[in-house]
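Novice: This is the structure I want to talk about, given as structure tokens.
The values are calculated or read from the model by the stated rules, or taken from the named source; none is laboratory data. No experiment lies behind these values; they were computed from the predicted model shown. Counting neighbours? That spans all protein chains shown, and the Cβs are built from the backbone with ideal geometry, glycine included.
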Amino acid sequence: MGAIYVLWLRELKRYLRSRVQIAASLGQPLLYLLALGYGLSPVFRRGGEGNYIEFVAPGVIAMTVLFSSLFSGIQLIWDRQFGFLKETLVAPVPRLHIMIGRTCGAATTSLIQGLLVTAVAVAAGFRPVSIGSLPLGFAFLVLIAVVFTAVGTTVGSTLRDMQGFQMVMNFLVMPIFFLSGALYPLEHLPVLLAILTRMDPLTYGVDGLRGALIARGHFSPALDLAVMGGLAVALTLVGAWRFSRIEI
Amino acid sequence: MIDVEHLTRKFGEFVAVHDISFQVERGEIFAFLGPNGAGKTTTIKILTTLLAPTAGTVRIDGLDPTRQSTEVRQRIGIVFQDPSLDQNLSAWENLELHGALYHVPRKVRRERMESLLTLFGLWERRAELVKQYSGGMMRRLEIARGLLHTPKILFLDEPTLGLDPQSRNQLWSHVKRLNQDEGVTVFLTTHYMDEADRVAGRIAIIDHGRIVSLGTSAQLKAHTAAATLEEAFLALTGTEIREESGTSTDRMRMAARAWRGR
């Protein structure tokens, strides 16, 4: 248990020390939130869909958590290259504990990122519909963080170097984001896009979050919870398995 | 203490370690010498549970590193050839983390951390992030870390690479002391023949994945009719320079440095 705690603490310390990176990683969500939010707001309203900032804020919060948990997971590659991974792998601690400690740390830091963006969104005029549904919204953030940290761990355990990293960016992270319904409503989509969005795990996370924060869910909260919960368990198991297979 | 029988490790078609056998007794200092790419690090990785052997058996204190890895890890300490510190933590935090991973009780941990940091001249700068350290200081910190949890067997993979003579002297005196006072078994690799000559009881010379000679320094010299261990080494392994290809790891390190990533 001690190992899980110290590895969690390590992730947190590293995160809090990289102030520049915290600021930098807030830049992109801010652009999406403010430029897209204010920019598309008139069109959105004319289409009879209401306030776009309100609509897009949960999507951007989810995006922040997606990016930062995937990257924290993939940080494994860095730890492998800088050698620190080896130090943890030869310690008399089950690998599963190491993986859990890292995952908890990564999920915690990406939750903090998500909450920071939430605060910015609130400052920009975003208002959740009810205080009572905030815990449910938080639960969805946690699930998004766990699911994508696990994906990051799986990818990070499998890739050996940076060449693959760019591939992951282009063929995994961006599609997950753009096909998730973070930026547009899931109603009245062309068939192909409708199918793709329903295959994207983040869709259910964003939808659950949107349901909780602004009561505009497309699916039922129970379905969103079931899909995200199931994926969190399944992908964490896959991540743990890949992690246990790492050879240095 | 270390028992290796017919150990082989292949990477695809390449045979890194080819059917080697040797024993290291409890309380012995045993040196593994060989040119670059001879199979030293691969052997250490197998002994320290990081790699599985392709064939052959390995016993560390009677335990199988593949199946009883946690038990083996409790008994060993390692100083790796390449850096393995967390550069974004301070020296103190690196040691704390190590102590926690190795279940060293807090009080003992703090005492040992202080004495080791003092011994290796890092006490004054313990609160600095490791990335501010010079190469030699990082090396000293890694060595201090490997000694933090009083292992039964200490593996040192080219520990003195990049160290000044003072630190080297400090390291070997400390290792000898550990060996004599606490009975720690030491398995080391080095490129410096004088060091092996000075500290090691027995020496194995490995080349192309095979052990070409094994014995005390005096035996190796007598066997090859050489005056120094270095001459004996060259007589056994030839004078040709070995190539080690730049691996993707090296290239990646450069990319990471350019990025100045976390």
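Novice: Going by the conditions given, is A:VAL6 closer than 27 Å to A:GLY137 by Cβ, crowded, with 17+ Cβ neighbours inside 10 Å and at pLDDT 90 or above? Before you say what the answer is, go through the steps one by one.
Specialist: Numbers: closer than 27 Å to A:GLY137 by Cβ: no; crowded, with 17+ Cβ neighbours inside 10 Å: yes; at pLDDT 90 or above: yes.
Taking the combined requirement at face value, the residue does not satisfy it.
Novice: Right, another one. Among what's in region B:78-95 and is closer than 17 Å to B:SER134 by Cα and more than 10 Å from every other protein chain (Cβ to nearest Cβ), pick the residue that is surrounded by the most Cβ atoms within 10 Å (Cβ to Cβ).
Specialist: Applying the filter and picking the extreme gives B:ALA91.
Novice: Return a yes/no flag: does region A:83-104 have any residue that is over 28 Å from B:VAL79 (Cβ atoms), of a type outside the set (Asp, Glu) and either buried (at least 24 other Cβ atoms within 10 Å of the Cβ) or away from every other protein chain (no Cβ under 14 Å) (or both).
Specialist: Quick first cut of region A:83-104, residues over 28 Å from B:VAL79 (Cβ atoms) only: A:103-104.
From what's left, of a type outside the set (Asp, Glu): A:103-104.
Now restrict to residues that are either buried (at least 24 other Cβ atoms within 10 Å of the Cβ) or away from every other protein chain (no Cβ under 14 Å) (or both): A:103-104.
Yes; the residues of region A:83-104 include at least one that is over 28 Å from B:VAL79 (Cβ atoms), of a type outside the set (Asp, Glu) and either buried (at least 24 other Cβ atoms within 10 Å of the Cβ) or away from every other protein chain (no Cβ under 14 Å) (or both).
Novice: A follow-up question, please. Output the residues belonging to region B:47-69 that are within 15 Å of B:MET1 (Cα to Cα) and of a type in the set (A, V, I, L, M, F, W, C).
Specialist: Selection gives B:LEU47, B:VAL58, B:ILE60, B:LEU63.
Novice: Return a yes/no flag: does region B:7-23 have any residue that is aromatic (Phe, Trp, Tyr), in contact (Cβ under 8 Å) with a residue 40 or more places away in the chain and either surrounded by fewer than 16 Cβ atoms within 10 Å (Cβ to Cβ) or within 13 Å of another protein chain (Cβ to nearest Cβ) (or both). Quick ask: steps written out before the conclusion?
Specialist: To start, the set of residues in region B:7-23 that are aromatic (Phe, Trp, Tyr) comprises B:11, B:14, B:22.
Now narrow it down to the ones that are in contact (Cβ under 8 Å) with a residue 40 or more places away in the chain: B:22.
Still in the list and also either surrounded by fewer than 16 Cβ atoms within 10 Å (Cβ to Cβ) or within 13 Å of another protein chain (Cβ to nearest Cβ) (or both): none.
No, there is no match, as no residue in region B:7-23 is aromatic (Phe, Trp, Tyr), in contact (Cβ under 8 Å) with a residue 40 or more places away in the chain and either surrounded by fewer than 16 Cβ atoms within 10 Å (Cβ to Cβ) or within 13 Å of another protein chain (Cβ to nearest Cβ) (or both).
Novice: Name the strands (runs of 3 or more DSSP E) wholly within region B:116-207 that hold at least 1 residues that are under 23 Å from A:GLY83 (Cβ atoms)?
Specialist: Details: elements: B:153-157, B:185-189, B:202-207.
By residue number, B:153-157, B:185-189.
Okay, residues lined up against (1) among the hydroxyl-bearing types (Ser, Thr, Tyr); (2) assigned to a helix (DSSP H, G or I); (3) farther than 21 Å from A:LEU31 by Cβ:
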site: A:MET99; (1), (2), (3): no, yes, yes
site: A:CYS104; (1), (2), (3): no, yes, yes
site: A:THR108; (1), (2), (3): yes, yes, yes
site: A:ILE112; (1), (2), (3): no, yes, no
site: A:THR118; (1), (2), (3): yes, yes, no
site: A:ALA121; (1), (2), (3): no, yes, no
site: A:PHE126; (1), (2), (3): no, no, no
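Novice: Only one of A:GLU187, A:GLU247 is modelled with pLDDT under 95, surrounded by fewer than 17 Cβ atoms within 10 Å (Cβ to Cβ) and closer than 22 Å to A:GLY152 by Cβ. Can you tell me which? Steps first, please.
Specialist: Working: A:GLU187 fails: closer than 22 Å to A:GLY152 by Cβ.
Result of the check over A:GLU187, A:GLU247: A:GLU247.
Novice: Got a sec? Which of A:PHE82, A:PHE67, A:PHE71 is among the aromatic types (Phe, Trp, Tyr) and at pLDDT 90 or above? Step through it out loud before you land on a result.
Specialist: Numbers: A:PHE82 fails: at pLDDT 90 or above; A:PHE71 fails: at pLDDT 90 or above.
Going through A:PHE82, A:PHE67, A:PHE71 in turn, just one is among the aromatic types (Phe, Trp, Tyr) and at pLDDT 90 or above: A:PHE67.
Novice: Please go through region B:190-233 and pick out each residue that is more than 23 Å from B:VAL4 (Cα to Cα) and of a type in the set (Lys, Arg).
Specialist: B:ARG198, B:LYS221
Novice: Here is a follow-up. Which number in (1) in contact with a Ser or Thr (Cβ under 8 Å, 6 or more places away or on another chain); (2) part of a helix (DSSP H, G or I) marks the one condition that B:ALA222 misses?
Specialist: Only one criterion in (1) in contact with a Ser or Thr (Cβ under 8 Å, 6 or more places away or on another chain); (2) part of a helix (DSSP H, G or I) is unmet by B:ALA222, namely (1).
Novice: Looking only at helices (runs of 4 or more DSSP H) that fall completely inside region A:130-248, which ones have 2 or more residues that are more than 16 Å from the chain's Cα centre (by Cα) and either within 30 Å of A:LEU89 (Cα to Cα) or without any contact (Cβ under 8 Å) to a residue 24 or more places away in the chain (or both)?
Specialist: Working: elements: A:134-158, A:163-168, A:174-178, A:191-199, A:201-214, A:221-244.
It comes to A:134-158, A:163-168, A:191-199, A:221-244.
Novice: OK, next. Go through region B:150-162 and give me each residue that's out of contact with any strand residue (DSSP E or B) (no Cβ under 6 Å at 6 or more places or on another chain) and buried (at least 19 other Cβ atoms within 10 Å of the Cβ).
Specialist: Step one: filter region B:150-162 for residues out of contact with any strand residue (DSSP E or B) (no Cβ under 6 Å at 6 or more places or on another chain), giving B:150, B:152, B:160-162.
Within region B:150-162, B:THR160 is the sole residue that qualifies.
Novice: Sticking with this one: Those residues that are surrounded by fewer than 18 Cβ atoms within 10 Å (Cβ to Cβ) and either within 14 Å of chain B (Cβ to nearest Cβ) or under 30 Å from B:GLU128 (Cβ atoms) (or both), I need them from region A:14-59; list them, please.
Specialist: The answer is A:LEU16, A:ARG17, A:SER18, A:ARG19, A:VAL20, A:GLN21, A:ILE22, A:ALA23, A:ALA24, A:LEU26, A:GLY27.
Novice: With respect to A:TYR15, is the statement that it is farther than 21 Å from A:VAL151 by Cα, in contact with a helix residue (DSSP H, G or I) (Cβ under 9 Å, 6 or more places away or on another chain) and assigned to a helix (DSSP H, G or I) true? Before the answer, list the steps.
Specialist: Details: farther than 21 Å from A:VAL151 by Cα: no; in contact with a helix residue (DSSP H, G or I) (Cβ under 9 Å, 6 or more places away or on another chain): yes; assigned to a helix (DSSP H, G or I): yes.
Here the answer is no, as A:TYR15 does not meet what is asked.
Novice: Of all residues in region A:93-107, which are of a type outside the set (D, E, K, R) and over 11 Å from the mean Cα position of the chain (by Cα)? Spell out how you get there, then give the answer.
Specialist: Just the residues of region A:93-107 that are of a type outside the set (D, E, K, R), to begin with: A:93-94, A:96-101, A:103-107.
Hits for region A:93-107 are A:VAL93, A:PRO94, A:LEU96, A:HIS97, A:ILE98, A:MET99, A:ILE100, A:GLY101, A:THR103, A:CYS104, A:GLY105.
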